[in-house]
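J.: Got a structure for you, questions after.
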Amino acid sequence: MNKQEAQAVEQLRRENSDLLSAKYGTDYNVLRWAQGYGFDLEEASAQLRRHLKFRKFYDLDNADQIPEHEILKKYFPIGLVGECSHEYGIRDRLKSATVEKDKGMEGITFFLLGETGQDNTLLVIECAGRIDLVGILKSVQLSDFLIQRARLQEKMLDAMNELEAETGKQV
């Protein structure tokens, strides 16, 4: 982290210390807010504060305690695979549509989280093309669907934070 980034993190942390939890308040989580708003720290702080109130209201620091919804688990498959590395060529394989089709992978969306570190990338697989979203939303409450999505987002954030803690580099 360079000097500008460290100063931005310090300022955002100071301005939002009353809402920033130990779990969410990692340097890189706070830094993402500065980066996301082009280091306009006034705007970043306002949006971070709004987000922290949302996190507190929905108790997102404890999202891992939310039980999985059985219907969504069965009919809305999504998986956090884990860390990717350039040395295994995962990025090259995922960027090739022909390889994906050849392997029966059509309808599957791959999300690579983290483009800032050479090997600090997480792989998330969502089978969006195989999901009957209308059917799911007729079968479960929209609130249940959104809660499960928040649960997944927190699971991805936890994995990012673990990888950043291990490597000392931002995902």
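J.: Neighbour counts of other C-beta atoms within 10 Å: give me Tyr75, Tyr24 arranged from fewest to most. Before the final figure, lay out the partial values.
T.: Values: Tyr75 16, Tyr24 19.
In increasing order of surrounding Cβ atoms, one gets Tyr75, Tyr24.
J.: Short version: ³J(HN,Hα) in whole Hz for each residue of the range 144-159, in order, from phi by Karplus 6.51 cos²θ - 1.76 cosθ + 1.60 (θ = phi - 60°), x for Gly and Pro, what are they?
T.: Once rounded to whole Hz, the list reads 5, 4, 5, 4, 5, 5, 4, 4, 5, 4, 5, 5, 5, 4, 4, 5.
J.: If each residue's Cβ is checked for other Cβ atoms within 10 Å, how do Ser143, Ser21 rank with the fewest at the top?
T.: Working: Ser143 8, Ser21 11.
Listed from fewest to most nearby Cβ atoms, that is Ser143, Ser21.
J.: Also, quick follow-up: Which pairs, out of Lys53/Lys138; Lys23/Lys138; Lys3/Lys155; Lys74/Lys155, put more than 26 Å between their alpha-carbon atoms?
T.: Violating the 26 Å limit, Cα to Cα: Lys53/Lys138; Lys23/Lys138; Lys3/Lys155.
J.: Could you rank the peptides 57-68, 1-12 by their average count of other C-beta atoms within 10 Å per residue, with the highest value first? Walk me through the intermediate numbers first.
T.: Values: 57-68: 12.4, 1-12: 14.6.
My ranking of the peptides, most packed first, is 1-12, 57-68.
J.: Assign one of three labels to the range 1-50, namely rounded, prolate or oblate, based on the Cα gyration tensor with a ≥ b ≥ c the square roots of its eigenvalues; rounded applies when a/c is under 1.5, prolate when it is not and a/b is larger than b/c, and oblate otherwise. Before the final figure, lay out the partial values.
T.: On the way: a/c = 1.67, a/b = 1.19, b/c = 1.41.
Oblate is the answer for the range 1-50, as a/c is 1.5 or above yet b/c matches or exceeds a/b.
The numbers here are math on the coordinates, done by the rules we state, and not lab data. What you see is a predicted model; the values in this text were computed from it and never measured. Don't worry about glycine lacking a Cβ; one is built from the backbone with ideal geometry, like all the others, and counts go over all protein chains shown.
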